[in-house]
1. With a cap of 15 neighbouring Cβ atoms within 10 Å, and only residues DSSP puts in a loop, list the GluC sites (Glu not before Pro) found in the range 1-105.
2. Residue by residue through the range 314-321, which ³J(HN,Hα) values in whole Hz follow from phi under the Karplus form 6.51 cos²θ - 1.76 cosθ + 1.60 (θ = phi - 60°), with glycine and proline marked x?
3. Suppose we keep just the alpha-carbon trace of the chain; what are its Rg and Dmax in angstrom?
4. Taking the Cα centre of each part, how many Å lie between the range 125-164 and the range 202-227?
5. Once the Cα atoms of helix 118-140 and of the chain are each reduced to a long axis, what angle between those two axes, in degrees from 0 to 90 to the nearest 10, is obtained?
6. If you count only protein heavy atoms with a 1.4 Å probe, what accessible area per residue comes out for the chain, rounded to a whole Å²?
7. Just name one of Met53, Ala99, Leu124: the one whose Cα is farthest towards the positive end of the charge dipole of the range 48-132 (beta-carbon charges, Lys/Arg +1, Asp/Glu -1).
8. In the range 183-303, carbon and sulfur make up what percent of the accessible area (probe 1.4 Å)?
Amino acid sequence: MTSFRALVMERDGPTALRELDEALLPKGDVTVDLEWSDLNYKDGLILNRQGGMVRDFPHVPGIDFSGTVAASDDPRFAPGDRVVLTGWRVGELHWGGYATRARVKGDWLVPLPDHLSTRDAMALGTAGFTAMMAVMALEDHGIAEGEVLVTGASGGVGSVAVALLAALGRPVVAVSGREGAAAYLTDLGAARILPRAEFAEPAAKPLEPEAWAGCIDNVGGTTLARVLGQMRYRASVAAVGLAGGTELSVSVVPFLLRGVNLLGIDSVMCPADLRRRVWNRIAADMPMDKVRGTVTEVTLADLPRLGAEILKGGVRGRTVVNLRA
Ligand code: NDP
């Protein structure tokens with residue numbers, strides 16, 4: 001019997017590290033020896049059984065992973081290939097990355113660009129992938145000269161978005177509620193920082209003075225409503241997240257009188273051709289030195305505690321999981 005180690009969630013009972021027989025791995029055409037995974041807001045929801053995303057137990061969470069192909073029935077992958085997986089509802093409906101082995105569909109895997117290590121791939125993970133998707137969506141609609149806003153800036157997506165936009169030469173304004181985040185965000189490239197509280201209350205009027213040439217919003221709720229009324233004429237908001245709430249109460253006026261675009265970003269079911277374009281653009285333009293600087297390295301045993309922390313906004317930057325530790 002070949003066994004592998006995994007963080008296992010039971011329907012009732014504690015989430016714990018266990019040795020599992022490889023025969024228990026789900027169906028799939030590629031088996032991957034996992035090296036790194038990561039922690040995203042969604043992993044926090046799953047680990048804390050919020051949102052009803054996991055239906056079958058026992059379950060292995062972890063929405064992202066990187067590693068080396070161990071065996072493959074898919075002609076596109078051979079043993080030894082380095083691969084990355086984000087999205088596709090892995091870690092929700094399919095066993096995920098909080099393990100030393102995974103078996104998945106070849107369609108879900110992306111070959112890792114040459115100069116990205118498997119650790120780099122998870123320093124980015126869904127968060128980095130989504131930040132790049134959001135930037136590409138803004139660019140598709142044209143970003144005028146001027147300041148670009150990033151909300152939830154000290155989180156995973158926010159940190160990468162700040163670093164990426166700054167590396168692309170954009171003046172970035174970071175919105176953060178985290179104590180002591182100013183030095184961190186400035187180091188990532190933020191030109192200035194605004195307190196989260198400035199966006200916490202609804203505006204008195206649907207339109208405020210035009211301020212932002214673009215926005216990547218990780219917070220939703222009142223923050224997003226407020227941002228929409230501050231966008232410049234024909235500017236776009238990439239709506240990524242809901243860390244501040246799922247409800248959106250907003251006037252139609254910013255859309256009618258300022259032609260504001262609200263662009264939804266979905267990194268989960270992102271089609272394969274766009275997925276490869278995003279990874280190629282990451283390989284070309286992502287400031288990996290900055291991204292690496294946001295990383296905290298943890299082990300599988302740390303995840304139940306950190307999964308609760310991230311939901312409280314208590315995790316800064318990116319968290320990678322060393323699966324061989
Ligand atoms: P993180 O928890 O790392 O970052 C979220 C940040 O939002 C926090 O660090 C904090 O930043 C801010 N925040 C947290 N709680 C609140 C609150 N109550 N009100 C206002 N701001 C708050 O999460 P991720 O970066 O992994 O994900 C960010 C969001 O994007 C999540 O909602 C996630 O589900 C979503 N997401 C969506 C994807 C998609 O495909 N659409 C893909 C990936 C993530 P600060 O302290 O600096 O204010």
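1. Details: sites: Glu10, Glu19, Glu22, Glu35, Glu92; in loops: Glu10, Glu92.
Here the GluC sites (Glu not before Pro) that fit, given the DSSP loop and packing criteria, are Glu10.
2. Karplus-based 3J(HN,Hα) across the range 314-321 equals x, 10, 9, x, 9, 10, 9, 10 Hz.
3. Reported Rg and Dmax, both Å: 19.7, 66.
4. Going from one Cα centre to the other spans 16 Å.
5. The helix 118-140 is inclined about 40 degrees to the chain.
6. On the way: 13700 Å² over 325 residues.
Accessible surface, normalised per residue, equals 42 Å².
7. It is Met53, whose Cα lies furthest towards the positive end.
8. Numbers: 3170 of 5990 Å².
Roughly 53 percent of what the probe reaches on the range 183-303 is carbon or sulfur.
The values are calculated or read from the model by the stated rules, or taken from the named source; none is laboratory data. Computed from a predicted structure; not experimentally measured. Neighbour counts run over all protein chains shown; Cβ positions are idealised from the backbone, glycine included. We work out accessible area using only protein heavy atoms, side chains counted, and drop any ligands, DNA or RNA first. Shrake-Rupley method; radii C 1.70, N 1.55, O 1.52, S 1.80 Å.
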